[in-house]
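Computed from the coordinates by the stated procedures, all read-outs in this text should not be read as laboratory data. Fair warning: this is a prediction, and the values are worked out from it, not measured in the lab. When we count neighbours, we look across all protein chains shown, and the Cβ atoms used for this are built from the backbone with ideal geometry, even at glycine.
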Amino acid sequence: MDNLIATFHLNLSLLIAQVINFAIVLAVLYWFAFKPLTKMMNERAEKISQGLADAKRVEEKLAQTEKDYGRQLAEAKKQANVILEKAARDTEAKKAEMVVRAKEEIGAIINQEKQKMQAEKAKTLHEIKAEVADLVVAAVEKVLSKKLDKKEDMEMIRKIVK
């Protein structure tokens, strides 16, 4: 070993001091630089992995939300179609009901008018019969040239009307 020390011109006490100094510098760097740097890098790697996991969860939630939105939209369309169909049926029912009511009202009006016409016809026939009776009486008086009493008058009117 002496040969090695003499060949490289090494001073053993200086070598030991340098090794101790290197160990101290290495320990200081480890405690004050390398350990905090490693801790910070691990925290950052953890934050990045947490961010990626959160992004994946958000993406999955977004996909689920889009599915729910599509499902709810389809359900809303179905409900809207059901409501429209019900409204159409209700409209048709009301229309049919109104047509029936209008027909009934028209029928009632026609019946009233028929009754009015029959009443007018009966009145007119009664008036015509009265006038005919008066004309018959007048014609018979002229023919007979005398006035008959009331009983004979009614008797003759009946015969003529028949």
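Some observations on this one:
- Net length gained if the chain between residue 161 and residue 35 were fully extended (0.36 nm per residue, minus Cα distance): 31.2 nm
- The chain: most fluctuating residue of 100, 25, 82 per GNM, C-alpha cutoff 10 Å: 25
- Debye-sum result for the stretch 2-161 in log10 I(q)/I(0), which assumes one identical scatterer on each alpha carbon, at q = 0.21 Å⁻¹: -1.24
- Given 61/86; 123/159; 95/121; 121/142, the pairs whose alpha carbons are separated by over 26 Å: 61/86; 95/121; 121/142
- Of 63, 23, 108, the residue with the greatest mean-square motion in the GNM of the chain, using alpha carbon springs below 10 Å, is 23.
- Highest mobility in the GNM of the chain, judged by mean-square fluctuation with C-alpha springs under 10 Å and restricted to 83, 24, 109, is found for 24.
- Qualifying lysines (Cα of each under 20 Å from Cα of residue 67; at least 8 residues distant if same chain): 56, 77, 78
- Distance between the stretch 112-144 and the stretch 1-71 - C-alpha centres, whole angstrom: 131 Å
- Taken about its Cα centre, the chain carries a charge dipole of roughly 960 debye when the Cβ of each Lys and Arg holds +1 and the Cβ of each Asp and Glu holds -1.
- Dipole-positive endmost among 106, 119, 19 within the stretch 2-161 (Cβ charges, Cα centre): 119
- Cross-link reach list, lysines versus residue 39, counting only Cα pairs under 23 Å and skipping chain neighbours closer than eight places: 47
- Counting 0.36 nm for each residue step from residue 97 to residue 123 and taking away their Cα separation leaves a gain of 5.5 nm.
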